[in-house]
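Engineer: Here's a structure for you.
The values are calculated or read from the model by the stated rules, or taken from the named source; none is laboratory data. Remember, it's a predicted structure, so these values are computed and weren't measured experimentally. Counting neighbours? That spans all protein chains shown, and the Cβs are built from the backbone with ideal geometry, glycine included. What goes into the accessible areas is simple: the full protein's heavy atoms, side chains included, and nothing from ligands, DNA or RNA. Shrake-Rupley method; radii C 1.70, N 1.55, O 1.52, S 1.80 Å.
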Amino acid sequence: MREPNHFAEPFLRTTQADADPDETAEWVESLASVARAAGPERAMHLLSQLEFQAQQLGILAKIPPYSAYQNTIPLERQGAYPGDLALEERISAIIRWNALAMVARANRAHGELGGHIASYASAAEIFETGFNHFFRGPGAPGGADLVFFQPHSAPGVYARAFLEGRLTESQLDRFRQETGGGGLSSYPHPWLMPEFWQFPTGSMGLGPIMATYQARFMRYLDHRGLATSGDRHVWGVFGDGEMDEPEAIGALTLAAREKLDNLTFVINCNLQRLDGPVRGNGNVIRELEGLFTGAGWNVIKVLWGSDWDALFARDHSHALLRQFAETVDGQYQTLGANDGAYNQEHFFKLDPELQALVAHMTPQEIDGLKRGGHDFRKLHAAFAAARAHAGQPTVILAKTKKGYGMGPAGESRMTTHVQKKLEPDDLVEFRDRFQLPLSDEGLREMRFLHPGEGSREVAYLRQRREALGGALPQRSSDAPAVEFPAAAEFGAFALQAEGKEMSSTMAFVRVLSALLKHRTLGPRVVPIVADEARTFGMASLFRQVGIYAPDGQLYEPEDGSSMLRYRESRDGQLLEEGITEAGAMSSWIAAGTSYAVHGLPMLPVYIYYSMFGFQRVGDLIWAAADQRARGFLVGATAGRTTLAGEGLQHQDGSSLLAAATVPTCRAYDPAFAYEIAVIVEHGLQRMLGQRCDEFYYVTVSNENYEHPSMPDGAAVGIVRGMYRIACTGAATAVPAVRLLGSGAILREVLAAAELLLQDWDVASEVFSVTSFSELAHEANEVERWNRLHPADVPRSSHLERTLAGTSPVIAATDYVRAWPGLIAPYVAGPYRVLGTDGFGRSDTRQALRRFFEVDRQHVVVAALHALAGQGRLPAATVADAIARYGLAAEDGAPWTR
Ligand SMILES: Cc1ncc(C[n+]2csc(CCOP(=O)(O)OP(=O)(O)O)c2C)c(N)n1
């Protein structure tokens, strides 16, 4: 005998061990009669009073956060279906076929392109319900809805766009063949299909969190009076497996807390993920219901199709619900993979009452009992209820079958996720099941189906889209440029710093504060922090621009009389996200793509602990690039040795390297305030003026030191990645040695130049390298051009011109050696790199720099050693220097300790 399921439904607990069924029946009937006579609100009131009383009496220790395994919306409240059901089913069948054919054709032609059939097969009705009745296009009175599509269901979206006349047959035939141009991307991708897709959802879990913060950002724009989002809605169709991702569920409470009733998740609960069931031994729908209910969402379950209604109506003793409660998802999958006879034997026959309930049905009729997520009527009712619900976000849990319609070989099979073709018999079954007008030959050739321009199907589909405001998805990027100030205006203090002491973080925050005050740009700036504003000296912004809080400030702040008081307000500008870098990043993405999504360019500036950036939320940063985001990411408390006491888990040595790999990220490691001002001005020019789809990563630190004024003519080099900042010894055409310093370590390098001259009589040139990756990118491009144009006059890069000759070059950085290593192929002389590879640790800055061998003395030794290697100094000099500076030569390398 099977063990009782530990997920037992709440109602089972009361019916199973009932000491006095007659009394129970009286109570139940009383409630039912109140609901009939006085309405559901009155019944609800009584229930809540009872619940309160029970709590007072110490009863009701636990109320399960889920309800019985049935549709949330009863038949009586379903409403009449407003569409042409038969026509919609025909259209959906054609789209299903074309989506399947796209994947199968691409793989037949090229064999290795991959693609997914089964996910869209399970989601088709969900998508079509949205497209025919809910997803509003750009022409809708309040503006377009935003839809985050389940990524591997993209073939279905393409197949629909084909019927709508937005994609051609030859484009469908280039699914996943993009290098020659005009192909269709595997997953939603604004970089590769910039006029089509808006949101890149291919990395599971990012869609849900990005959708949530998008809905929140729309409210932010509204409350700040920058845009009216009216009743524009954010829809996200996601997978039940996808909800395992921490990011997917990481912002559920935010959505509820901020009452985002402009947000609906539709979770395609086909109970399967890639390898197998999402919860083989459990029940994912129940689990998600509990999770979302607990987080404060409105939950609508769509589990059973219309054919089940009659069964439920006759099932007075809840035999169905009892059996559902005993059935785990792995079993539902097996039931789904098998025919009506099997279901009769292995489900209905388990209980005599159930057997009686379906005694009148043939196995074929039992086979035809649909899951709710394949029933347009049920889905429509759920979407409509979600759209109308006020005060909470809504999740629709739609139960579907993976590979629905793919026949015995695909439907609810373990392997269906990776299935890319159907066998001939399955194709025939698919055609017959969906009554597709395809000949056997058409079937064999996997011909695309189009009912014709003049067909009722196409007319209906277009008319529906027109009524909803036009086609979707579509992306536009023609937002106007934004006026912005010049560096001289916002950064005069930095350009003329005259040796003032400050940290680079302080310099950046001062720049930010000035930008916020600019007449046109100011309101467009979105400062974002994840609970570190005070760490970065930004507390003055609380007062200056306020913290966004949709409810305003419902309390008297403890520091109310302070100049820097904690001020929350409905039109606050600062997004203070709390300890969620993923959430802060999602806000940054929403703001950084606002130019395309809302036609309103914004400038997000997210300042965070650099260690918790690329390393922690790197995939979201990648998604930002996919989505063509513009803005500033500021890695504060950056570097391995600037943080002193914080130690291992806080000291970042690799973010710049990661940043260098993101194609649209321009990464800088400035040392001085004027460098920051120049980089910010350049970023504004590129992103807001020229509207380039790129973003800027800038590292800053909280180490205080003197900042010089900007040397004449330095700006161009700062932007390109390096410029000469000092020169020691007699001016010669070629210096003995060149020293490159970056960010926090530049000052050590400048000091090393002095030591070289004083102690060893070696002249040097010092360069501030603001970006090894910018230098490398340009050098890579020049090298490529020269390689592919062998007969032309070779070009040279800024780097090659600046470091011409064979003098040794020594680079020192607060990051891993691989970061300066990016330019190694283009440095003509011997190139030595000092970096901070290894685990960080706590100590003073000076001790850390000695430990990682990036301090001035180590730079000197590296320079002397390089000169000795060229035969320009005796090797003994190097040994002398090591002894003189007391460097520990016998310890293991820092990265081994
Ligand atoms: C972060 C991430 N990990 C893994 C994958 C690979 N992957 C693509 S689809 C998929 C399974 C999705 O399952 P589910 O969300 O239940 O959707 P279904 O296809 O079943 O509708 C996986 C693991 C991915 N795209 N992103």
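Every residue, every condition in (1) of a type outside the set (S, T, N, Q); (2) surrounded by 24 or more Cβ atoms within 10 Å (Cβ to Cβ), yes or no:
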residue: ARG616; (1), (2): yes, no
residue: ALA625; (1), (2): yes, no
residue: ARG630; (1), (2): yes, yes
residue: THR641; (1), (2): no, yes
residue: GLY645; (1), (2): yes, no
residue: ALA658; (1), (2): yes, no
residue: TYR668; (1), (2): yes, yes
residue: ALA673; (1), (2): yes, yes
residue: ALA677; (1), (2): yes, yes
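Engineer: Please verify whether VAL617 is within 29 Å of LYS500 (Cβ to Cβ) and either within 15 Å of the chain's Cα centre (by Cα) or modelled with pLDDT of 95 or more (or both), treating the condition exactly as stated.
Structural biologist: Against the criterion (within 29 Å of LYS500 (Cβ to Cβ) and either within 15 Å of the chain's Cα centre (by Cα) or modelled with pLDDT of 95 or more (or both)), VAL617 does not qualify.
Engineer: Of all the residues that make up the range 356-378, how many are under 14 Å from PHE127 (Cα atoms) and assigned to a loop (DSSP other than H, G, I, E, B)?
Structural biologist: 1
Engineer: Could you list, in sequence order, the residues of the range 865-888 that are assigned to a loop (DSSP other than H, G, I, E, B) and open to solvent by 70 Å² or more (accessible area, probe 1.4 Å)?
Structural biologist: Within the range 865-888, ARG872, PRO874 meet the criteria.
Engineer: Out of the range 487-513, which residues are under 14 Å from SER709 (Cβ atoms) and of a type in the set (S, T, N, Q)?
Structural biologist: GLN496
Engineer: Against the definition (on the phi > 0 side of the Ramachandran plot, in a loop (DSSP other than H, G, I, E, B) and in contact (Cβ under 8 Å) with a residue 24 or more places away in the chain), how does GLY83 come out, yes or no?
Structural biologist: Judged against the criteria, GLY83 is not a match.
Engineer: OK, next. Hey, MET414 hits all of (1) open to solvent by less than 20 Å² (accessible area, probe 1.4 Å); (2) within 16 Å of SER122 (Cβ to Cβ) but one; which does it fall short on?
Structural biologist: That leaves (1) as the condition not met.
Engineer: Now, a different point. Tally time: how many residues in the range 538-578 are among the charged types (D, E, K, R) and under 21 Å from ALA636 (Cα atoms)?
Structural biologist: 2
Engineer: Could you list, in sequence order, the residues of the range 112-139 that are open to solvent by less than 10 Å² (accessible area, probe 1.4 Å), away from the ligand (no atom under 13 Å from the Cβ) and not in a helix (DSSP H, G or I)?
Structural biologist: Residues satisfying the conditions are PHE135, GLY137.
Engineer: State which residue is surrounded by the most Cβ atoms within 10 Å (Cβ to Cβ) when the search covers only the range 140-161 and only residues that are within 16 Å of the ligand (Cβ to nearest atom) and of a type in the set (Phe, Trp, Tyr).
Structural biologist: Ranking the qualifying residues of the range 140-161, first place goes to PHE149.
Engineer: If you don't mind, there's one more thing I want to ask. Go through the range 309-326 and give me each residue that's modelled with pLDDT of 95 or more, in contact with a helix residue (DSSP H, G or I) (Cβ under 8 Å, 6 or more places away or on another chain) and open to solvent by less than 30 Å² (accessible area, probe 1.4 Å).
Structural biologist: LEU311, ASP315, ALA319, LEU320, LEU321, GLN323 - these are the residues of the range 309-326 that are modelled with pLDDT of 95 or more, in contact with a helix residue (DSSP H, G or I) (Cβ under 8 Å, 6 or more places away or on another chain) and open to solvent by less than 30 Å² (accessible area, probe 1.4 Å).
Engineer: Moving to a separate point now. Tell me, please, whether a residue that is open to solvent by 10 Å² or more (accessible area, probe 1.4 Å), more than 14 Å from the ligand (Cβ to nearest atom) and at pLDDT 95 or above can be found in the range 276-285.
Structural biologist: Yes, because at least one residue in the range 276-285 is open to solvent by 10 Å² or more (accessible area, probe 1.4 Å), more than 14 Å from the ligand (Cβ to nearest atom) and at pLDDT 95 or above.
Engineer: Show me the helices (runs of 4 or more DSSP H) entirely contained within the range 170-264 in which 3 or more residues are more than 16 Å from the ligand (Cβ to nearest atom).
Structural biologist: Correct list: 206-223, 252-257.
Engineer: Report every pair of residues separated by at least 6 positions or lying on different chains whose Cβ atoms are under 9 Å apart, first residue within the range 152-171 and under 19 Å from SER122 (Cα atoms), second among the hydroxyl-bearing types (Ser, Thr, Tyr) and open to solvent by 10 Å² or more (accessible area, probe 1.4 Å).
Structural biologist: HIS152/SER186; HIS152/TYR187; ALA154/SER186; ALA154/TYR187
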